[in-house]
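So the structure is just underneath, and the comments pick up after that.
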Amino acid sequence: MRKIKVFDTTLRDGEQSPGCSMNLSEKLEMARQLDALGVDVIEAGFAIASPEDFKSVEAISKTVERCKVASLARCTQGDIDAAWNAVKGAKYPRIHVFLATSDIHMEFKLKMSREQVLESITKHVSYAKSFCEDIEFSAEDASRSDRDFLVKCCETAINAGATVLNIPDTVGYSTPMEMFELISYLRENTKGIENVDISCHCHDDLGMGVANSLACLQAGATQVECTINGIGERAGNASLEEIVMALKTRREYYQMECGVDTHQIYKSSKLLSSITGVPVSPSKSIVGANAFAHESGIHQHGVLANALTYEIMKSTDVGIPENTMVLGKHSGKHALRDRLSQLGYELTKEQLDDVFNRFKALADKKKSLTDSDIEALALSNTHGVSETYELVSHMVTTGTDTPNVATIKIKKGDELIEEVAMGTGPIDAAYKAIDRITGLDIFLDNFRLNAVTDGEDAMGEAVVKLKAGKNLYTGCGLSTDIIESSIRAYVNGINKIVGGI
Ligand code: KIV
Ligand code: ZN
C-alpha cells in the first residue's frame, strides 16, 4: 500500500468561497477538528491577505500539534515574510509559494515572460528556504501550462529548495486521463522529482475534481489537496471525504492509504457547515443527508436481506452514529450526555448545562428530538457568550397587504427595552428594531436559514454573519419558529460583537 499525504485547504482555498468566511475562533475550532481528523497538512490561510488572516494562521500554528501548518504566499518577499512570521511558531511549519506558469496567466495577469517567471521561482523559493526547510511550490494553472516549460519551472523550484511540487488544475478544466498523463510526464522528465513530494490540487468546475485527484495519485502523486465538503473557489475544490472514502472503499483497486480517521469525517463536515452556515446538499456523496438512506422499496428489501446489495460503505465508517434513539422532554442530562458522546461531542460541564437548558426548552415545543436536533444544539453552543442583550419577546406582523412591522423586547442588565420598526420583510423589520435598541453600527454580511430535520415541527437553524468594523462575527439561532431563530441568531451575533468573541 502506498501512503498518501492529505493536505487540507479548507481554511485557505475553502474559506475563499462566497459565504464561507470564518473568524479566528471558528478557524481555530476547525483546525483542531482537522488535526483530530488526521490530515497531514493544514493550509491555515494566506497570511499577507489581511491582519485577521495573519492572526488566524499564527494562532493555528501555535495550537496544532500533530500536523504541518502551511501558509500561502505569492512570489514576493513581503508575502513570504508574512507567511513565515505566521507559521514559524508551528511544530512543523511550511511555506507554500505559488506562481502561475500558463501562457495565459503569464501574459495577461502577471505580465511576465517565461524567463522572468523562472527567475522569480529561483529567487522566491530560495528566499522562503532561507527561513523554512519545508517549502511547497505551486505552479498555478499547471494543467494549462506548456509541458516543457512546466518541467523547467519544477526543476527550478527543486533546485531552489522546494520539497513539495504542487500541480494544480486551477480552473477545473482537465480530465482524469489528462491529469494522469501530466503527472506521468512530469515524473518522467523532471530532474530530481523523485526526491520531492508531488502534490495535486484539482478544482471542480466540470465536476471532475475528485476523479482528477485520484488519477493524479494513480500516476504517482504523493500528496492530495482537498477541502471538507468540497468548498472552495467557484465550484469548489476536490472533496476530502470523497477522496478518502474512495481510497478506503476501493483499497484493493487503488492500493493506497492515508492517515485520515474516517470516523471523524461526518463530524468535520457538520462542524464546517454549522460554522459557515452553508448546508451540505442532501445528495452529496459521503456526508449528504441521503448518502446512506434507502428510499425505494426494492432497495430497502435488498438492504434488509443483505446490506451489501446496495451499500458499498458503512455509514458508521464515516462517523454517522448507528443508534437513532430519540430523546424527549422526559430525558435527563445523563441521556443527553451519552447521546452527545455517541455523536462525538465531549462537552465540558458548563457546555453540557447550556445545551441541556436549550434542549429542555426545545423539547417543550417538539415531541421528540432526533440526532440532528441534538447535534444542532451542540454545534450552536452558546456557552461562553455572555448575554449582554437577552431576547425577551418578539412580535411581527407580515402579509401581502400589510406592512412588515416588528416589536422587539430585549433585556440589557436590569433595563427592559422595547422598539418597533418596519422593514422590507418580517426579519428585516426585526433586525431594524434590534439595531435601534443596540445603537450598534453593524452590517449583515450573510444570512442563512436551514431546516435541521424534516416534518411539521422541524427546527429552523439561522446563521448570520455580522460585520462590525473589519471583524466578522457568526450568530446562530435555533427554534421551531424560523422568525424566532432568525432573531436569536442576530442577538447571538450581537452578543459576540459586544463580548469581542
Ligand atoms: O487553485 C490553485 O491553483 C491554487 C494555488 C494557489 C495552489 O489554489
Ligand atoms: Zn485552488
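What number of residues in the range 284-298 are of a type in the set (A, V, I, L, M, F, W, C), in a loop (DSSP other than H, G, I, E, B) and farther than 13 Å from residue 314 by Cα? Working first, answer last.
Just the residues of the range 284-298 that are of a type in the set (A, V, I, L, M, F, W, C), to begin with: 286-287, 289, 291-293, 298.
Those left that are additionally in a loop (DSSP other than H, G, I, E, B): 286-287, 289, 291-293.
After this cut, where a residue has to be farther than 13 Å from residue 314 by Cα as well, the list is 289.
Result for the range 284-298: 1.
Is it the case that some residue within the range 48-58 is under 18 Å from residue 35 (Cα atoms) and either at pLDDT below 95 or β-branched (Val, Ile, Thr) (or both)? Full working, then the answer.
We begin by selecting, within the range 48-58, every residue under 18 Å from residue 35 (Cα atoms); these are 56-58.
Imposing the further condition that a residue be either at pLDDT below 95 or β-branched (Val, Ile, Thr) (or both) reduces the set to 57.
Checked against the condition, which is being under 18 Å from residue 35 (Cα atoms) and either at pLDDT below 95 or β-branched (Val, Ile, Thr) (or both), the range 48-58 yields at least one hit.
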- request: Would you mind stating whether residue 244 is closer than 24 Å to residue 344 by Cα, away from ligand 1 (no atom under 16 Å from the Cβ) and outside any helix (DSSP H, G or I)?
  value: no
- request: Within the range 330-387, track down each residue that is without any contact (Cβ under 8 Å) to a residue 60 or more places away in the chain, assigned to a helix (DSSP H, G or I) and among the aliphatic types (A, V, I, L, M).
  value: 335, 336, 340, 352, 355, 361, 363, 374, 378
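Being farther than 26 Å from residue 453 by Cβ, surrounded by 16 or more Cβ atoms within 10 Å (Cβ to Cβ) and away from ligand 2 (no atom under 16 Å from the Cβ) is the requirement here; does residue 217 meet it? Spell out the reasoning first.
Values: farther than 26 Å from residue 453 by Cβ: yes; surrounded by 16 or more Cβ atoms within 10 Å (Cβ to Cβ): yes; away from ligand 2 (no atom under 16 Å from the Cβ): yes.
Yes: the conditions hold for residue 217.
With 197, 205 as the choices, which residue is of a type in the set (D, E, K, R), closer than 21 Å to residue 13 by Cα and away from ligand 2 (no atom under 16 Å from the Cβ)?
197
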- prompt: Is it the case that some residue within the range 303-310 is of a type in the set (Phe, Trp, Tyr) and over 29 Å from the mean Cα position of the chain (by Cα)?
  reply: yes
Selected residue (only one of 190, 222 is in the same structural domain as residue 43 (by TED's automatic domain parsing), surrounded by fewer than 22 Cβ atoms within 10 Å (Cβ to Cβ) and touching a Cys at 6+ places or on another chain (Cβ under 6 Å)): 190
Looking only at the range 95-109, and only at residues there that are within 16 Å of ligand 2 (Cβ to nearest atom) and outside any loop (DSSP other than H, G, I, E, B), the one that is surrounded by the fewest Cβ atoms within 10 Å (Cβ to Cβ): 109
message: Out of 427, 437, 408, I need the residue that is more than 27 Å from residue 372 (Cβ to Cβ) and either touching a helix residue (DSSP H, G or I) at 6+ places or on another chain (Cβ under 8 Å) or exposed (fewer than 15 other Cβ atoms within 10 Å of the Cβ) (or both). Which one?
response: 408
query: Just one of 73, 59, 36 is touching a helix residue (DSSP H, G or I) at 6+ places or on another chain (Cβ under 8 Å) and crowded, with 21+ Cβ neighbours inside 10 Å; which is it?
result: 73
message: Could you tell me how many of the residues in the range 1-40 are within 16 Å of ligand 2 (Cβ to nearest atom) and out of contact with any strand residue (DSSP E or B) (no Cβ under 8 Å at 6 or more places or on another chain)?
response: 4
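If I go through the range 424-470 residue by residue, how many of them are of a type in the set (D, E, K, R), part of a loop (DSSP other than H, G, I, E, B) and more than 20 Å from residue 390 (Cα to Cα)? Working first, answer last.
So in the range 424-470, the residues of a type in the set (D, E, K, R) come out as 428, 432, 435-436, 441, 445, 448, 454, 456-457, 461, 465, 467, 470.
Those left that are additionally part of a loop (DSSP other than H, G, I, E, B): 441, 454, 456-457, 470.
Within this subset, residues satisfying the condition of being more than 20 Å from residue 390 (Cα to Cα) are 454, 456-457, 470.
Count: 4.
The values are calculated or read from the model by the stated rules, or taken from the named source; none is laboratory data. Note that this is a predicted model, so its numbers are computed, not measured. Note: ideal-geometry Cβ built from the backbone for every residue, glycine included; neighbour counts use all protein chains shown.
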